[in-house]
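S.K.: Take a look at the following structure, please.
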Amino acid sequence: MTATTPIQFGIFTVGDVTPDPTTGRTPTEHERITAMLTLAQKAEEVGLDVFATGEHHNPPFVPSSPTTMLGWIAARTERLILSTSTTLITTNDPVKIAEDFAMLQHVAEGRVDVMMGRGNTGPVYPWFGQDIRQGIPLAIENYALLRRLWTEDVVDWQGRFRTPLQGFTSTPRPLDGVPPFVWHGSIRSPEIAEQAAYYGDGFFANNIFWPKDHFKRLITLYRDRFEHYGHGTREQAYVGLGGQVFMRKNSQDAVREFRPYFDNAPVYGHGPSLEEFTDQTPLTVGSPQEVIDKTLTFRESFGDYQRQLFLMDHAGLPLKTVLEQLDMLGEEVVPVLRREMAAGRPAGTADAPTHAARVAARDAEQEGAAV
Amino acid sequence: MRPVKLAVVSAGLSEPSSTRLLADRLAEATRVALEDQEREVEISTVELRDVATEIAHSFTTGFAGAALREASERVTEADGLIAVTPVFSASYSGLFKSFFDVLDNDALAGKPVLLGATGGTPRHSLVLEHAMRPLFSYLRAVTVPTAVYAATDDWAAADDGLTPSLPRRVARAGGELAGLVAPRATQEPGPEAEEVVPFAQQLAALRVEEE
């Protein structure tokens, strides 16, 4: 079972199949998938709390079926929370999301939450019968239905984007009658911050590729609106952030080793220099201490938060290297971050969400209502 | 009344460049015309060469660096804009276009814009009408009727009795821009707030029942 902590640390993976620029070798899909499974197990072994996988339906990405992968990981782990980054609320049928993640909750004894995202690849939408221009309305309507499927045993539904439901029961019902905690992931849309706030859900700002000013505005909006909708104070809102690091004992060694991967990376390669990018975004390439220092600045910018996910395994980095990175993250970085972030955390700041805590909160609420 | 804020964008590459020279002349003519109306003028010039690498990076990263952000803000906040490019391959230069690609879609909406271009030969002068004006129409800017093209010869030519000389075209264009910006430059800008559509409204638009 997962213990309650102020902040959860973990890794999130895109699942890209990228040639290693230093050898020119491209892993097979099978190698990449098994590498992701290995990393998830390693995450638990080194004391991390969360493993999250992306969902993609186009090469060069492999994770098209997240709950299949997370189900396997659930069987091989004991504490790790299994999550997504993100689950496509726009192109997946909300009925299937409701069923898949409720099933995963049972398989994983509640160690499950989910991050909703829209997906920004235009051609993917028509493959699933949708249209990217309807991205926000799809995210809103599909999520409204998903919540009802999880919280109401029998649902009648009619909406704009899927066939109506009459007398439908999504099975299995959520574990202990409490659905997975939901994060809403967003890079740029205030509508999604507003949606997360409206429902009292979590807001995950994937800040890894952009400067912090932009995310400050989004997170401030989310916290303000969370309070506005009466879910608690701004400090009780659930905020998650991304990070991206490459470490070696000596800073110069980290820079030297990571530079070819940076220069050729799918998202930002062939653009600004490594130095410019580390200056402007959360990317840290250096010693474990530098990673600690940079990560500790996040709470100054965004307030104390509940989840920190690191991107560790992209751009063609070999599995062996990423495993070494996870060792350093688990042994040298996260213990210090846990200590530093627990100290000076204002009273009243929300703890990171877990299934057990949510069940307890639900029970307390029902008892209160009964009295 | 507050000063009129003019932004000048020059895509000239050499230093000094004839493009910057034309841009400065147009700015000066606009200043003179506004001062005739007893309006104070603040002129802020953006040399695109200085932000060229940040413009390129913004395409690969999706965000603007600090200097480019600052340049974009100056242009967006101005009451009027003077935009001058050298002619490259029968059109505005790629750098010039890239800067306007990076700006927000509606940054120039309703803004008076005076167009200028420079080239080695007068044969390219219709670039103003066939390339530049459609770009700014698309961006919903209000383009000033007189656009000014300066070929190498123009810098030395006097009135030939058929077309007005460069200084006279510059003065006319500056006068037209002054006429358009002066009435706009009266309100103080309001504080910027994050606009949010209340979620209930978003649900209602989809006819989804509130919980």
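The values are calculated or read from the model by the stated rules, or taken from the named source; none is laboratory data. The structure displayed is predicted, hence computed values, not measured ones. Every residue, glycine as well, gets a Cβ built from its backbone with ideal geometry; the counts of neighbours run over all protein chains shown.
S.K.: If you go through region A:207-223 one residue at a time, do you hit one that is in contact with a strand residue (DSSP E or B) (Cβ under 7 Å, 6 or more places away or on another chain) and more than 13 Å from chain B (Cβ to nearest Cβ)? First the steps, then the outcome.
M.R.: First pass over region A:207-223, keeping only residues in contact with a strand residue (DSSP E or B) (Cβ under 7 Å, 6 or more places away or on another chain): A:207-208, A:215, A:218-219, A:222.
Filter once more, so that each one left must be more than 13 Å from chain B (Cβ to nearest Cβ): none.
No, region A:207-223 contains no residue that is in contact with a strand residue (DSSP E or B) (Cβ under 7 Å, 6 or more places away or on another chain) and more than 13 Å from chain B (Cβ to nearest Cβ).
S.K.: Can you tell me which residue within region B:78-105, out of those that are in a loop (DSSP other than H, G, I, E, B) and within 13 Å of the chain's Cα centre (by Cα), is surrounded by the most Cβ atoms within 10 Å (Cβ to Cβ)? Don't jump to the end; show me each part of the working.
M.R.: Restricting attention to region B:78-105, the residues satisfying the condition of being in a loop (DSSP other than H, G, I, E, B) are B:78-79, B:89-90, B:93, B:103-105.
Now restrict to residues that are within 13 Å of the chain's Cα centre (by Cα): B:78-79, B:103.
On the way: B:A78: 26, B:D79: 23, B:L103: 16.
Step by step, filter region B:78-105, then rank; the result is B:A78.
S.K.: Looking at region A:16-30, is at least one residue in contact (Cβ under 8 Å) with a residue 24 or more places away in the chain, more than 28 Å from A:G344 (Cα to Cα) and of a type in the set (K, R)?
M.R.: No, the conditions are met nowhere in region A:16-30.
S.K.: In addition: Of the residues B:F63, B:F100, B:F59, only one is away from chain A (no Cβ under 14 Å), more than 17 Å from B:A173 (Cβ to Cβ) and of a type in the set (A, V, I, L, M, F, W, C); which? Reasoning before the result, please.
M.R.: Numbers: B:F63 fails: away from chain A (no Cβ under 14 Å); B:F59 fails: away from chain A (no Cβ under 14 Å).
Just a single option satisfies the conditions, and that option is B:F100.
S.K.: Among the residues of region B:2-53, which ones are surrounded by fewer than 22 Cβ atoms within 10 Å (Cβ to Cβ), within 14 Å of chain A (Cβ to nearest Cβ) and in contact with a helix residue (DSSP H, G or I) (Cβ under 8 Å, 6 or more places away or on another chain)?
M.R.: Answer for region B:2-53, where residues must be surrounded by fewer than 22 Cβ atoms within 10 Å (Cβ to Cβ), within 14 Å of chain A (Cβ to nearest Cβ) and in contact with a helix residue (DSSP H, G or I) (Cβ under 8 Å, 6 or more places away or on another chain): just B:A52.
S.K.: Here's another thing I want to ask about it. Taking region B:179-203 as the search range and keeping residues that are modelled with pLDDT of 85 or more, out of contact with any Asp or Glu (no Cβ under 8 Å at 6 or more places or on another chain) and small (G, A, S), which one is nearest to A:R223 (Cα to Cα)?
M.R.: Applying the filter and picking the extreme gives B:A182.
S.K.: Anything in region A:294-320 that is without any contact (Cβ under 8 Å) to a residue 12 or more places away in the chain and more than 26 Å from A:Y222 (Cβ to Cβ)? List them, or say none.
M.R.: Within region A:294-320, the subset without any contact (Cβ under 8 Å) to a residue 12 or more places away in the chain is A:297, A:300, A:320.
Residue satisfying the conditions is A:K320 alone.
S.K.: Pick from region A:278-299 the residues that are in contact with a strand residue (DSSP E or B) (Cβ under 9 Å, 6 or more places away or on another chain) and within 14 Å of chain B (Cβ to nearest Cβ): which of them is farthest from A:N250 (Cα to Cα)?
M.R.: A:T281
S.K.: Among all residue pairs at least 6 apart or on different chains, which show Cβ distances below 9 Å where the first residue, located in region A:110-121, is of a type in the set (S, T, N, Q) and the second is surrounded by fewer than 24 Cβ atoms within 10 Å (Cβ to Cβ)?
M.R.: Going by the 9 Å Cβ cut-off, the qualifying pairs are A:N120/A:I132; A:N120/A:G135; A:N120/A:I187; A:T121/A:H56; A:T121/A:H57; A:T121/A:N58; A:T121/A:I132.
S.K.: Something else about it: With B:R168, B:R172 as the choices, which residue is touching a Ser or Thr at 6+ places or on another chain (Cβ under 8 Å), surrounded by fewer than 18 Cβ atoms within 10 Å (Cβ to Cβ) and under 22 Å from B:S10 (Cβ atoms)?
M.R.: Every option except B:R172 fails the conditions.
S.K.: Continuing with this model, one more query. Answer yes if at least one residue in region A:164-177 is under 24 Å from A:Y238 (Cβ atoms), more than 14 Å from chain B (Cβ to nearest Cβ), buried (at least 19 other Cβ atoms within 10 Å of the Cβ) and not polar (S, T, N, Q), and no otherwise.
M.R.: Yes: one or more hits.
S.K.: Could you tell me whether B:E209 is within 14 Å of chain A (Cβ to nearest Cβ) and within 29 Å of B:E54 (Cβ to Cβ)?
M.R.: On the way: within 14 Å of chain A (Cβ to nearest Cβ): yes; within 29 Å of B:E54 (Cβ to Cβ): no.
Against the criterion (within 14 Å of chain A (Cβ to nearest Cβ) and within 29 Å of B:E54 (Cβ to Cβ)), B:E209 does not qualify.
S.K.: Go through region A:19-71 and report how many residues are under 15 Å from the mean Cα position of the chain (by Cα) and either assigned to a strand (DSSP E or B) or over 23 Å from A:G240 (Cα atoms) (or both).
M.R.: Here the count works out to 4.
S.K.: With respect to A:F181, determine if the residue is touching a strand residue (DSSP E or B) at 6+ places or on another chain (Cβ under 8 Å), over 27 Å from A:V359 (Cα atoms) and either within 11 Å of another protein chain (Cβ to nearest Cβ) or hydrophobic (A, V, I, L, M, F, W, C) (or both).
M.R.: Values: touching a strand residue (DSSP E or B) at 6+ places or on another chain (Cβ under 8 Å): yes; over 27 Å from A:V359 (Cα atoms): no; either within 11 Å of another protein chain (Cβ to nearest Cβ) or hydrophobic (A, V, I, L, M, F, W, C) (or both): yes.
It is false that A:F181 is touching a strand residue (DSSP E or B) at 6+ places or on another chain (Cβ under 8 Å), over 27 Å from A:V359 (Cα atoms) and either within 11 Å of another protein chain (Cβ to nearest Cβ) or hydrophobic (A, V, I, L, M, F, W, C) (or both).
S.K.: I'd like to know if region A:116-132 contains one or more residues that are facing chain B (nearest Cβ under 9 Å), on the phi < 0 side of the Ramachandran plot and out of contact with any His (no Cβ under 6 Å at 6 or more places or on another chain).
M.R.: The answer is no, given that none of the residues of region A:116-132 is facing chain B (nearest Cβ under 9 Å), on the phi < 0 side of the Ramachandran plot and out of contact with any His (no Cβ under 6 Å at 6 or more places or on another chain).
S.K.: A further question follows. Return yes when A:F204 is within 16 Å of A:F12 (Cβ to Cβ), within 12 Å of chain B (Cβ to nearest Cβ) and not in a helix (DSSP H, G or I) and no when it is not.
M.R.: So A:F204 does not fit the description; no.
S.K.: Please verify whether region A:239-256 includes one or more residues that are surrounded by 20 or more Cβ atoms within 10 Å (Cβ to Cβ), of a type in the set (F, W, Y) and either within 29 Å of A:I132 (Cα to Cα) or within 12 Å of chain B (Cβ to nearest Cβ) (or both).
M.R.: no
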